[in-house]
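Report on the following structure.
The values are calculated or read from the model by the stated rules, or taken from the named source; none is laboratory data. Everything numeric in this text was worked out from a predicted model, so none of it was measured. Every residue, glycine among them, receives a Cβ derived from its backbone with ideal geometry; neighbour counts consider all protein chains shown. Protein only, heavy atoms only, side chains kept; ligands, DNA and RNA dropped before computing areas. Shrake-Rupley method; radii C 1.70, N 1.55, O 1.52, S 1.80 Å.
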Amino acid sequence: MKKSLWRGSAAAVAAGLFALTGCSSTQGSGSAQGGHPFGDCAITKNPTVHKMDTRESGALTVAASLPYPAGYRGNTLDSVDGGYMYCLDAEIANRAGLKKIKLVNASFEALVTAKTSNFDFALWDIYDTPERRRAVDFSTPYNTYETGVLVKKGSALTQSSIKKATVGVLAGSVQLNYVNSTLKPKQVRVFNSNDDLFNAVLAGQIDAALNDTATVMPRAANSGGKLEVIGKYPVGGNVAALFSKGSPNVKAVDQILADMKKDGTLDAIMKKWLNPILGGDPHGLPDWSA
């Protein structure tokens, strides 16, 4: 991300889409409401095991910036039992021979600047960037996001007319760098939060908002028909698990992710848990270019 460290992540997505109250600011067991220790997540039976050196015996401690019910479904950290990030955590734990997930809450800034390290890894759709690698380590990517163009329903905006439009982006985001250096629309407005950005589209203060597909698609899907995503730019990046610098567990998680990609488990998790939240397949959006 540009401006050295992006203030959000692709997972700033839909934090306000679902009600999540009473979320602890410390930690939870992340275990319990399904038929096995990993809640409603479908777990592979008898997988190849790649051992991890975890902080707590038999448990995988995962950090995330919560609440984020799209990725971690539950009313408290202790009751999380689903969501695409949690089920990815669960499958990684399963393939590491672990029986439990322990969730800890951490701010995005603390994670990417290594101000906290009380976890085995962090999973919150965090972009792997050279700037961040100076402070932390990353696994191989488990997903890739591009930039969606969010407009009011019925907008006449096109790939060519956006050059004459007012475009909104988040402060410190990769989209800010892109609109200033490459797209160069008539006017750029910078916002400090997704809510402010999207409300500006609804109010007609900007013609379009540029943000990650995983952020704008669920906002459009839950707008009551007021917003839509009409295209995507090849701007974004790979999201990956984040580790403290020098973690011995990067190799094991890379091996697990490789196995999950090969046997289709990773794709199955995204199709079951993520795509319904997005309101469709982000790869199906029209490709736009500057």
Given R₀ = 45 Å, FRET efficiency for residue 195-residue 56 by Cβ-Cβ distance, to 0.05?
0.80
Rounded tilt (10° steps) of 250-263 against the dominant C-alpha axis of the chain
70 degrees
Counting only the heavy atoms of the protein chains, how much of residue 176 is accessible to a 1.4 Å probe, in Å² to the nearest 10?
30 Å²
Only bridges with both residues in region 52-182 count here: give the DSSP antiparallel percent, nearest 5.
20 percent
Linear extension gain, residue 258 paired with residue 75, 0.36 nm per residue minus alpha-carbon span
62.7 nm
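Can you give the relative contact order of the chain as a percent, counting alpha carbon pairs under 8 Å and 6+ residues apart?
Numbers: 634 pairs, mean separation 71.1, N = 290.
Result for the chain is 25 percent.
To the nearest 500 deg cm²/dmol, what mean residue ellipticity at 222 nm is calculated for the chain from DSSP H runs of n ≥ 4 alone, each contributing -39,500 (n - 2.57), summed and divided by the residues?
Working: 9 runs with 67 residues, N = 290.
Calculated from helices alone, the mean residue ellipticity at 222 nm is -6000 deg cm²/dmol.
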Using +1 at the Cβ of each Lys and Arg and -1 at the Cβ of each Asp and Glu in the chain, identify which of 54, 135, 87 lies farthest towards the dipole's positive end.
135
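For the chain, what does the accessible surface come to per residue with a 1.4 Å probe? Please give it in Å². Let's see the in-between values first.
Working: 11940 Å² over 290 residues.
I get 41 Å² per residue for this part.
Give me Rg over Rh for region 52-123, both radii from the alpha carbons and Rh done the Kirkwood way, two decimal places. Write down the numbers at each step before the final one.
Working: Rg = 11.5 Å, Rh = 12.2 Å.
Result: Rg/Rh = 0.94.
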Based on DSSP, what percent of beta bridges with both residues in the chain are antiparallel, to the nearest 5?
60 percent
Can you give the log10 of the normalised intensity I(q)/I(0) at q = 0.13, 0.15, 0.30 Å⁻¹, computed with Debye over equal Cα scatterers of region 142-192?
-0.33, -0.43, -1.31
Radius, Kirkwood style, for the chain when every pair of distinct Cα atoms is counted (Å):
19.3 Å
Report in % the part of the accessible area of region 154-290 that belongs to carbon and sulfur, leaving out ligands and nucleic acids; probe 1.4 Å.
48 percent
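On full extension of the chain, what length is gained from residue 48 through residue 275, given 0.36 nm per residue of separation minus the C-alpha to C-alpha distance? Write out the running numbers ahead of the final one.
On the way: separation 227, 0.36 × 227 = 81.72 nm, distance 2.72 nm.
Once the chain is fully extended between residue 48 and residue 275, it gains 79.0 nm.
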Measure of compaction for region 93-230 (Cα Rg per 2.2 N^0.38 Å):
1.24
Estimated distance in nm for a label pair at residue 140 and residue 117, the labels positioned 7 Å out from Cα along Cα-to-Cβ
2.6 nm
Here are some pairs, 115/186; 102/251; 184/272; 184/251; 102/262; 115/271; which of them have Cα atoms lying more than 31 Å apart in this structure?
115/186; 184/272; 184/251; 115/271
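Would you mind working out the magnitude of the charge dipole of the chain relative to its Cα centre, with +1 at each Lys and Arg C-beta and -1 at each Asp and Glu C-beta, to the nearest 20 Debye?
My answer is approximately 580 debye.
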